[in-house]
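Everything below concerns the one structure shown next.
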Amino acid sequence: MAAPDSIPLTEAGQLVLRRRYQQRDDQRNTVEGPEELFRRVASNVAQAEARYGDDPAAFADRAYGMMARLEFLPNSPTLMNAGLGIQQLAACFVLPVDDSLPGIFDALKVTALIHQSGGGTGFAFSRLRPANDIVQSTHGVASGPVSFMRVFDAATDAIKQGGARRGANMAILNVDHPDIDGFIRAKANGDSLTNFNLSVAVTDEFLEAVDTGRDYALVNPRSGRQVGTRSARQVFDLIAAEAWRNGDPGLVFLDRINRDNPTPALGAIESTNPCGEQPLLANESCTLGSIDVSKFFADGDLDWGRLGATVDTAVRFLDDVIDQNRYPSEEIARTTLSTRKIGLGVMGFADLLILLRVPYGSEEGLAWAERLMGFLQDRANAASLALGEARGVFAAWTGSVFHPGGPRYRNATRTTIAPTGTLSIIAGCSGGIEPVYALAYVRQHYLDRDDPTRLTEISEVSPLLQRQAQAEGWWSGALLGHLLAGGSLRDWDATPDWAPDVFVTAYDISWEWHVRMQSAFQRRVDNAVSKTVNFPAAATKDDVAAALLLAWREGCKGITVYRDTSRQNQVLSRVPIGPERDWH
């Protein structure tokens with residue numbers, strides 16, 4: 001399929017590309033248009049083709065076409081850095097934090113390099129000895145994991161990722177760590193650790209103890225010895241209460257994650273990237289990319305043939321990114337090249353359901369999730385298998401779960417569901433697998449390169465709603481005003497009967513459907529699924545606790561919840577908007 005004459009960007013998409021991705025000169029003037037940006041990325045990544053005897057120019061044309069049509073976009077560092085001096089192309093990293101000052105500050109140094117280049121970092125702080133534990137070398141006492149998290153947070157503030165993208169971190173602590181209470185409460189005041197998401201790593205054994213009302217053991221990681229017991233239910237209730245308060249912490253189900261670890265001989269997985277969708281080994285990175293599945297809607301169904309061809313090209317593109325990447329440390333290069341993990345996912349899923357006239361929170365919606373992701377998973381597997389035959393399997397294949405008689409994949413993992421925050425704005429679609437947030441809303445992003453602490457507001461109205469309503473004759477200025485004032489389609493008399501069930505928003509959908517949708521995708525995804533389980537402001541702590549347990553029982557690898565208005569500054573806001581705001 002030929003590339004378009006011009007890239008079909010919305011005003012919001014043009015703004016994001018201009019502010020964050022397009023090159024600037026020394027006077028900070030934009031010197032690159034969207035077409036030049038995508039050509040730069042496609043040409044640079046395609047250079048990897050030459051090492052396998054293939055034609056870089058031909059593949060660059062294919063890669064440019066799918067990006068220019070906004071059907072596929074790679075993760076932000078690839079768009080930012082490919083073909084430029086920095087050449088760091090991966091979004092997701094996990095770094096080890098060892099229980100020593102040299103180990104901690106070695107991790108901090110690599111973190112700074114990753115953030116400067118636009119990547120995000122995840123850490124398990126579970127190896128660090130608890131606060132007030134002995135430090136034998138100085139005869140002093142340890143300050144504990146939370147104190148060092150604050151050091152990483154301050155460093156992230158100082159770096160600001162070169163003014164292109166704010167740093168993002170994930171901090172994980174095992175539930176049996178003696179400092180678990182302080183970790184759970186670490187963001188309770190709402191203005192600390194602002195560059196971190198927090199997740200408690202909980203085991204199946206702990207959650208079974210929650211169910212049965214048993215105590216569980218606390219273990220000092222320095223000595224490996226039990227140092228006390230806690231009520232599992234009491235700690236779980238504290239997690240639910242703090243998540244209800246402001247969304248942190250989430251949960252990570254490490255037992256579930258490690259059951260899917262493709263290379264257990266290389267070690268256990270202890271952490272994920274900042275949004276939780278990419279579990280990784282220590283000193284491992286991963287490159288992600290997402291397909292806007294709504295652009296493949298045709299005649300009441302999907303154009304499965306065209307979608308499959310795009311999956312094939314995207315898998316090859318992401319594998320080339322691994323070879324073109326300039327890694328921030330030798331350890332990361334070695335681990336990443338041994339597994340060659342990629343994470344191909346989707347965006348625009350909610351838009352696709354709207355086009356199909358399928359309610360998001362429905363059995364039919366879940367069936368579409370499994371059908372779509374099953375197709376994408378199978379096609380990505382086949383593409384990676386073909387690359388394995390042509391280019392060789394990933395270096396750690398011997399000793400992996402596929403050895404000796406399993407598939408000879410090029411990539412240890414193939415699929416991931418990422419949140420696609422800015423990528424979905426560029427593509428002009430709904431983010432990841434999230435439902436439409438609202439039919440009219442304000443999105444806040446750090447897009448000002450001259451002042452990386454300044455929030456830029458992007459105001460949006462659902463383009464699908466506007467197009468459909470205009471086509472059928474029920475769009476009006478009065479309806480727009482009703483939506484801008486916080487109204488819904490259900491209380492608008494001119495709305496067709498089918499529309500309120502199809503144009504559902506995040507807070508129209510009960511938390512059970514949010515969790516079940518995440519689980520439906522997880523069943524056909526190698527890595528994990530980034531999904532926010534949205535709650536209305538009136539939700540209770542018991543509602544949050546029930547969602548956490550349901551996610552575990554449904555086989556999710558983690559869960560993030562958010563109760564509306566529980567933070568003063570939230571990325572998306574459903575607020576009545578005045579006429580002075582510029583709506584896209």
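Under unit Cβ charges (Lys, Arg +1; Asp, Glu -1), what dipole magnitude, rounded to 20 debye, does the chain have relative to its Cα centre?
1020 debye
Check the chain and count each lysine pair with an alpha-carbon distance under 23 angstrom, considering only pairs eight or more places apart or from different chains.
Close lysine pairs found across the chain: 11.
Take every Cα-Cα distance within region 172-280, group them into 5 Å bins from 0 onward, and report for each bin the whole-number percent of pairs it holds.
P(r) over region 172-280, rounded to whole percents: 2, 12, 20, 22, 21, 15, 7, 1, 0.
Using the Karplus equation 6.51 cos²θ - 1.76 cosθ + 1.60 (θ = phi - 60°), what ³J(HN,Hα) coupling, rounded to whole Hz, does each residue of region 418-427 give in order, writing x for Gly and Pro?
9, x, 6, x, 7, 4, 5, 5, 4, 6
Could you give the length gained on full extension between GLU389 and ARG326, defined as 0.36 nm per residue of separation minus the Cα-Cα distance, in nm?
In short, 20.2 nm is gained.
Could you please report the charge total around ALA2, scoring K, R as +1 and D, E as -1 over all other residues with beta-carbon less than 10 angstrom from its beta-carbon?
-1
Classify region 457-512 from the C-alpha gyration tensor, please: rounded if a/c falls under 1.5, else prolate or oblate depending on whether a/b exceeds b/c.
oblate
Among PRO74, GLN22, ASN195, pick out the residue whose Cα is farthest towards the positive end of the charge dipole of the chain, where Lys and Arg carry +1 and Asp and Glu carry -1 on C-beta, about the Cα centre.
ASN195
Going by the alpha-carbon gyration tensor, a ≥ b ≥ c the square roots of its eigenvalues, is region 237-391 rounded (a/c under 1.5) or, if a/c is not under 1.5, prolate (a/b greater than b/c) versus oblate? Can you show the working numbers first?
Details: a/c = 2.21, a/b = 1.12, b/c = 1.97.
Because a/c hits 1.5 or more and a/b fails to exceed b/c, region 237-391 counts as oblate.
Give the percent of DSSP beta bridges with both residues in the chain that are antiparallel, rounded to the nearest 5.
In the chain, DSSP labels about 50 percent of beta bridges as antiparallel.
If you average the sequence gap of Cα pairs under 8 Å that are 6 or more apart and divide by the length of region 180-252, what percent do you get for the contact order?
Result for region 180-252 is 38 percent.
Quote the FRET efficiency, to the nearest 0.05, computed for THR398 versus ARG553 with a Förster distance R0 of 51 Å and r equal to the Cβ-Cβ distance.
So the FRET efficiency works out to roughly 0.90.
Determine the calculated [θ] at 222 nm for the chain from helices alone, applying -39500 (n - 2.57) to every DSSP H run no shorter than 4 residues and normalising by the residue count; nearest 500 deg cm²/dmol.
Numbers: 20 runs with 226 residues, N = 584.
Estimated from H runs of four or more residues: -12000 deg cm²/dmol.
Is the shape of region 1-60 rounded, prolate or oblate, going by the alpha carbon gyration tensor and its root eigenvalues a ≥ b ≥ c, with a/c under 1.5 for rounded and a/b larger than b/c for prolate?
It comes out oblate by the Cα gyration axes.
Report the charge-dipole magnitude of region 102-252 in Debye, nearest 20, computed about the Cα centre from +1 at each Lys and Arg Cβ and -1 at each Asp and Glu Cβ.
Magnitude of the dipole: close to 480 debye.
Provide the gained length on full extension for the span VAL151 to ASP99, in nm with one decimal, where the gain is 0.36 nm per separating residue minus the Cα-Cα distance.
Working: separation 52, 0.36 × 52 = 18.72 nm, distance 1.48 nm.
The span from VAL151 to ASP99 would gain 17.2 nm if fully extended.
Can you figure out the FRET efficiency of GLN234 with ALA367, using R₀ = 45 Å and their beta-carbon distance, to the nearest 0.05? Show your work: numbers first, answer last.
Details: r = 39 Å, r/R0 = 0.88.
For GLN234 and ALA367, the calculated efficiency is 0.70.
With +1 assigned to the C-beta of every Lys and Arg and -1 to the C-beta of every Asp and Glu, and no other charges, what is the dipole magnitude of region 328-438 about the Cα centre in debye, to the nearest 20?
With Lys and Arg at +1 and Asp and Glu at -1, about 440 debye.
Could you estimate the translational diffusion coefficient of region 1-155 from the Stokes-Einstein equation, with Rh from the Kirkwood formula over C-alpha pairs, at 10 °C and 1.306 mPa s, in whole µm²/s?
For the chosen part, D equals 85 µm²/s.
Once the dipole of region 20-109 is set up with Lys and Arg at +1 and Asp and Glu at -1 on Cβ about the Cα centre, which of CYS92, ALA63, ILE104 lies farthest towards its positive end?
ALA63
Considering only protein heavy atoms, what is the solvent-accessible area of ARG326 at a probe of 1.4 Å, reported in Å² to the nearest 10?
Looks like 130 Å² after rounding.
Taking the Cα centre of the chain as the origin and placing charges on Cβ (Lys, Arg +1; Asp, Glu -1), which of SER530, SER6, LEU353 is farthest toward the positive end of the dipole?
SER530
Would you grab the residues whose amide H sits under 5 Å from the one on ALA91? Only those 5+ places off in sequence or on another chain, please, with H modelled 1.01 Å from N.
Answer set, sorted by chain and number: CYS286, LEU288.
Using the Karplus curve 6.51 cos²θ - 1.76 cosθ + 1.60 with θ = phi - 60°, work out ³J(HN,Hα) for each residue of region 15-29 in order, rounded to whole Hz, and write x for Gly and Pro.
Once θ is set to phi - 60°, the couplings for region 15-29 become 4, 5, 4, 5, 6, 10, 10, 6, 5, 10, 8, 5, 8, 6, 8 Hz.
Which option, (i) 0.98; (ii) 0.95; (iii) 1.18, is the value of Rg/Rh (Cα atoms, Kirkwood Rh) that was calculated from these coordinates?
From the options (i) 0.98; (ii) 0.95; (iii) 1.18, the structure gives (ii).
Extension gain LEU337-ASP25, at 0.36 nm per residue separation less the Cα-Cα distance, in nm?
109.0 nm
Using θ = phi - 60° and the Karplus curve 6.51 cos²θ - 1.76 cosθ + 1.60, what whole-Hz ³J(HN,Hα) does each residue of region 543-557 get, with Gly and Pro shown as x?
Along region 543-557, the couplings run 4, 5, 4, 5, 5, 4, 5, 5, 4, 5, 5, 7, x, 5, 9 Hz.
The values are calculated or read from the model by the stated rules, or taken from the named source; none is laboratory data. The shown structure was predicted, so the numbers you read here are calculated from the model rather than taken from an experiment. Counting neighbours? That spans all protein chains shown, and the Cβs are built from the backbone with ideal geometry, glycine included. These accessible areas exclude ligands, DNA and RNA; they are computed on the full protein's heavy atoms, side chains included. Shrake-Rupley method; radii C 1.70, N 1.55, O 1.52, S 1.80 Å.
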